[in-house]
1. Working carefully through the options B:Val105, B:Val83, find the one that is more than 9 Å from chain A (Cβ to nearest Cβ) and either surrounded by 14 or more Cβ atoms within 10 Å (Cβ to Cβ) or modelled with pLDDT of 90 or more (or both).
2. Restricting to the range A:919-931, and then to whatever is under 10 Å from B:Gly81 (Cβ atoms) and surrounded by fewer than 24 Cβ atoms within 10 Å (Cβ to Cβ), can you tell me which residue is nearest to the other protein chains (Cβ to nearest Cβ)?
3. For the range A:942-952, check the following and say yes or no: at least one residue is within 14 Å of chain B (Cβ to nearest Cβ) and under 52 Å from the mean Cα position of the chain (by Cα).
4. So B:Arg274 fits all but one of (1) within 21 Å of the chain's Cα centre (by Cα); (2) part of a strand (DSSP E or B); (3) more than 14 Å from every other protein chain (Cβ to nearest Cβ); what number is the exception?
5. Which condition number does A:Asp741 fail, the rest of (1) among the charged types (D, E, K, R); (2) modelled with pLDDT under 90; (3) under 28 Å from A:Asp613 (Cβ atoms) being met?
6. Report the residue count in the range A:733-762 for those that are among the small types (Gly, Ala, Ser), more than 21 Å from A:Leu356 (Cβ to Cβ) and either touching a Cys at 6+ places or on another chain (Cβ under 8 Å) or part of a strand (DSSP E or B) (or both).
7. Out of A:Leu571, A:Leu534, report the one residue that is farther than 28 Å from A:Ser238 by Cβ, of a type outside the set (D, E, K, R) and touching a His at 6+ places or on another chain (Cβ under 9 Å).
8. Can you tell me which residue in the range B:60-76 is surrounded by the fewest Cβ atoms within 10 Å (Cβ to Cβ), limited to those that are more than 7 Å from chain A (Cβ to nearest Cβ) and in a helix (DSSP H, G or I)?
Amino acid sequence: MGYGRSDSYRVATTQDKDDRSPKKKKGAKDMDDLKKEVPITEHKMSIEEVCRKYQTDIVQGLTNAKAAEYLIRDGPNALTPPPTTPEWVKFCRQLFGGFSVLLWTGAILCFLAYAIQAATEDDPSRSARSHMFDRLSLCLQLYLGIVLTAVVVITGCFSYFQEAKSSKIMESFKNMVPQQALVIREGEKVQINAEEVVGGDLVEVKGGDRIPADIRVVSAHGCKVDNSSLTGESEPQSRSPDCTHDNPLETRNIAFFSTNCVEGTARGIVICTGDNTVMGRIATLTSGLETGKTPIAKEIEHFIHIITGVAVFLGLTFFILAIVLGYSWLEAVIFLIGIIVANVPEGLLATVTVCLTLTAKRMAKKNCLVKNLEAVETLGSTSTICSDKTGTLTQNRMTVAHMWFDNQIHEADTTEDQSGASFDKSSITWISLARVAALCNRAQFKAGQDQLPILKRDVAGDASESALLKCIELSCGSVRAMRDRNKKVAEIPFNSTNKYQLSVHETEDLNDNRYLLVMKGAPERVLECCSTILVQGKEQPLDEELKEAFQNAYMELGGLGERVLGFCHVLLPEDQYPKGFAFDTDDVNFQTKDLCFVGLMSMIDPPRAAVPDAVGKCRSAGIKVIMVTGDHPITAKAIAKGVGIISEGNETVEDIAARLNIPVSQVNPRDAKACVCHGTDLKDLSQDQMDDILRNHTEIVFARTSPQQKLIIVEGCQRLGAIVAVTGDGVNDSPALKKADIGVAMGISGSDVSKQAADMILLDDNFASIVTGVEEGRLIFDNLKKSIAYTLTSNIPEITPFLLFIIVNIPLPLGTITILCIDLGTDMVPAISLAYEAAESDIMKRQPRNPFRDKLVNERLISIAYGQIVTAGFALGGFFAYFVILAENGFLPTTLVGIRLNWDDRSCNDLEDTYGQQWTYEQRKIVEFTCHTAFFVSIVVVQWADVIICKTRRNSVFQQGMRNKILIFGLFEETALAAFLSYCPGMDVALRMYPLKPSWWFCAFPYSFLIFVYDEVRKLLIRRNPGGWVERETYY
Amino acid sequence: MASTEDKAAKQESATGWKDSFYNPRTGEVLGRTGSSWALILLFYLVFYCFLAGMFALTMWVLLLTLDDYVPKYRDRVPYPGLVIRPNSLDLSFNKSDPLKYVQYVKHLESFLQRYNDSQQDKNDDCPPGEYFLQDDTEDMSKKACLFKRGFLSLCSGLSDTNFGYSEGKPCVLLKMNRIIGLKPRGDPYINCTVKRDTPIQMQYFPSEGRIDKKYFPYYGKKAHESYVQPLVAVELLLTKDDYNKELPVECRVEGSDLRNNDERDKFLGRVTFRVTVVE
């Protein structure tokens, strides 16, 4: 409905004249072609030209033969579905992507080492030493290989099913109803499948239909279409055969594929079908866009680099050492492989996956459905949010905001209980205004909603009229009753030439036989029809002073981005229009001049209640919020100001110019922090200028943007290094959604295409949910750091025993099985529990992380995990327990050094200990395995302290508290599991773990305590000296 | 555009890669300046020294709690293992080729050095059939019972320096592992069998393969310095029929409470070995 101001915009928004201006983009040619604006020209042709072009007839339509020929030539009228990845490819991606590569490499190395040894098994020249070595490492390699493979496969399956579950929810969004279309072929109307529609077909659409293809309208009767799926703006637009605009997207005589006809009928010639339609181009553009890796995927890749570096470094060091110590090449290679493999954190993949899944679940509870598990963290890294306006920031529901009557602007009261009344409702002018608004209004509530609050009821009718209806219903009671009392006798509906709507009613007063004429429409048009104005209930002549007052009010309301309607009425004199007068609405036979102006009412699609708060939170979290909308600049700016995207006190260049009363060109653009950029201007900008805008303005609104421009804006932000989130609901947003680091689609109002393109879906359509997403994303990033720090710390102590075993020839202090028990058993729950850890400080008050500097795993974390906590606690604690057990059983450390060869010699059954006792192989192996168990238990004991250390990165545990119940559970769980593994009968056979004497549990206590104190001191120093040496070297 | 971006990124990473080793502009080696390296290395030096000190301290405390004479726990060695000398579970030799069995003979000879009369004369000849229990004395040292080489008679290597190997009747010495405080009940003796249908003749020294109780208990290396384990020698009296065959022999400690049938530990109170004599 092109009322008043809305139309004046159209003038201001001259559209992209040069639609095909070449963009300076290299790369795939057709993609660039798609990024350009729509190349439709038919709207500028006459109907005859169009008919000629498609060899069709305006009355008869295509011949069946021609249609069949075109169908073969152009293919069916359907969007090529985006190439769906086969399930097995998705599965393989889970199985071989990212972190799994590390584990696979480990597994392959294991099998390789096993194969090498198996191949040399029969080598007759084997010494006794290599004999014992075989037994040990054969087991080790094969076990480890199998377990690594199992871990990868299980985790792969887990995340595959997790994502499959999300996509299943997606499936339910799909609307699978086949579309039908009414076409005229050889002069006959036939109902055919929409897929068979071809270019040149004459089609008929009526209210409720979906437009089957892009059509050039040749005739229309009150036809209105809802282009929301294309533009995001749900305001119905009328369609007529005349070309009203150069831009095909703006002109009235083209209706687009997959938009809806809401009322009226139209007939048109199909000009584009399938992928060539405007919608098809956007869909193709969307599916053709390549998306980069998610930030977390990049982080994990970086982590893999680090861990591989460390592993290879350690491996090579000890390879050389082994050679120097006189081991054979083969043994040294096996050491090398063993050490590299031991560095692989087996449990980490599962931990990371579970942590992300838990967060995804938590977010789903808060109405953020995450399609791609890795996208969970992306919102946390986001530094720019490009948000669509309609439906995301606003409610997508017109509401009366202001009224002007009695020469005063009043704020409308939209509260359900009318508690916010700001004006005198007894004013006669108001009563008249309300009556006009109620009567000259075709909207009505749909049946059966009486129990619902008025604001939530569904209305049949146009958005503006619905807004008026609700407003009047709220303030004056039942509109239906009012309409019943004032029966309608005649009506002229709105049309674009009149730009007004009027109706004639009987009056309420039964004794009064006069008719009441009410009119509403574009304010300037309505005012033209008036000669008087109602002020304080009295009719006054409309003099210049009052006209100026009207102009000022009109300008002011228009300036707020609101749509303004004017209202007037008149009581028709009884002598001219007696009761029963036949009003003729086609050939107007009654007075439409010298009416009495009553007032103005203005409407806006108000921002969602939670949005200003959410925008504020984003801002304090250092996230730049950019509005990118297809709506008009003034409305966009008004909403931007309303929700805080343009904050109070910030001016645009135009504002400064207006304030200083100087031309816009004289204002230094640097002075303006805010910027409202028009799509037309955007098109002419070079890349540098674009970057300039994005860099120099903190508060930006892009208005009247096309889908392609949205994409370009997103690319611009990414070029500047930002991690961009895009929110949107329409098909027009989908290229941008796809290109964004994280696309956020709307679950209720969003189109299928946008949901397909997005990584995340807001189930409640509420922008505020994004803030939750950001918070969860940042939290999981921090917590993943902690989880990784925790898991890695138990990694090195698993290697050191092996190293000492090689270097000083002591019995192996920690076996493969116990390593696996730690990595995949006791470590899992505490590592996962760290995902539940609360934030240390207000994570929404700090800047988004810099993807180039703030890494998930950095050298400081490695240094802390490998260099400090590990050596301090685990290795020493474990070794201490090992030495205690051996010493208390008779083998003092002095005896142990160099004992390895005999110790591992199966045929030596009288090995002498320090006290002169002699041990059979089996007897001393039981002691050795008891040592493994004790080492394992010591690691668990030190992990108690470690998990408490890892809870925080800066705060003291005493500040953070122990409120994480899962973590406490984890502590008990790992202890119980350790006790179970040690004491459960049968474990000696199954896992070769033996019961420990109670005193052996306490061996690691001093070390556990030591690392706790050490880390508390470290954190204290970090807090005391921000930016100091300790922080620089150890804050991860 | 995208390609130029890539290029720039590549260049950057290339210089970044070189710079990460040595950056001439800032003088950084592996991302750190000299003083920064010094500081972090100093930190780690101090840190590790401290840790080493801490570890040494706990180890010292551990050693303080230990007894010099008896280990704290002996429950992991409740029963002794049984081992043979020569120290091989696969005795295989040609009786007419001294080169093949000389290693066994030498081994036995060196093993029996401690049982020479010159050594054993210092030890006591204690009463047989009962434990040689000794109370703690001031210097904790304990006396040992003598076990002379001569007790082994034909297998002593005194009369036949080849321990029967040259005749195809090899001697095998059996000994029980030393375990502090072990006091076997009953009268332990060694019994060997050949795991096949037809038994072979065996001769035990001392007679019936008895292990006298007087050699128990053992008081540990430090207190019981001159202790020698009792031995049992078994001479396999092979005949012509037994040559050129692999004979699996199993010996067990019998007649006492010492375990000899543990499922997992095949050397607990028993030992199995193979003998192959080639003519």
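The values are calculated or read from the model by the stated rules, or taken from the named source; none is laboratory data. Note that the structure is predicted; figures quoted are calculated from it, not measured. Cβ placement follows ideal geometry from the backbone for every residue including glycine, while neighbour counts extend to all protein chains displayed.
1. The unique qualifying residue is B:Val105.
2. Applying the filter and picking the extreme gives A:Glu922.
3. Initially, the range A:942-952 is screened for residues within 14 Å of chain B (Cβ to nearest Cβ), giving A:942.
Those left that are additionally under 52 Å from the mean Cα position of the chain (by Cα): A:942.
Scanning the range A:942-952, I find at least one residue that is within 14 Å of chain B (Cβ to nearest Cβ) and under 52 Å from the mean Cα position of the chain (by Cα), so the answer is yes.
4. (3)
5. All conditions are met except number (2).
6. Number of matching residues: 1.
7. Details: A:Leu571 fails: touching a His at 6+ places or on another chain (Cβ under 9 Å).
Going through A:Leu571, A:Leu534 in turn, the sole match is A:Leu534.
8. Only one residue tops the list, namely B:Leu64.
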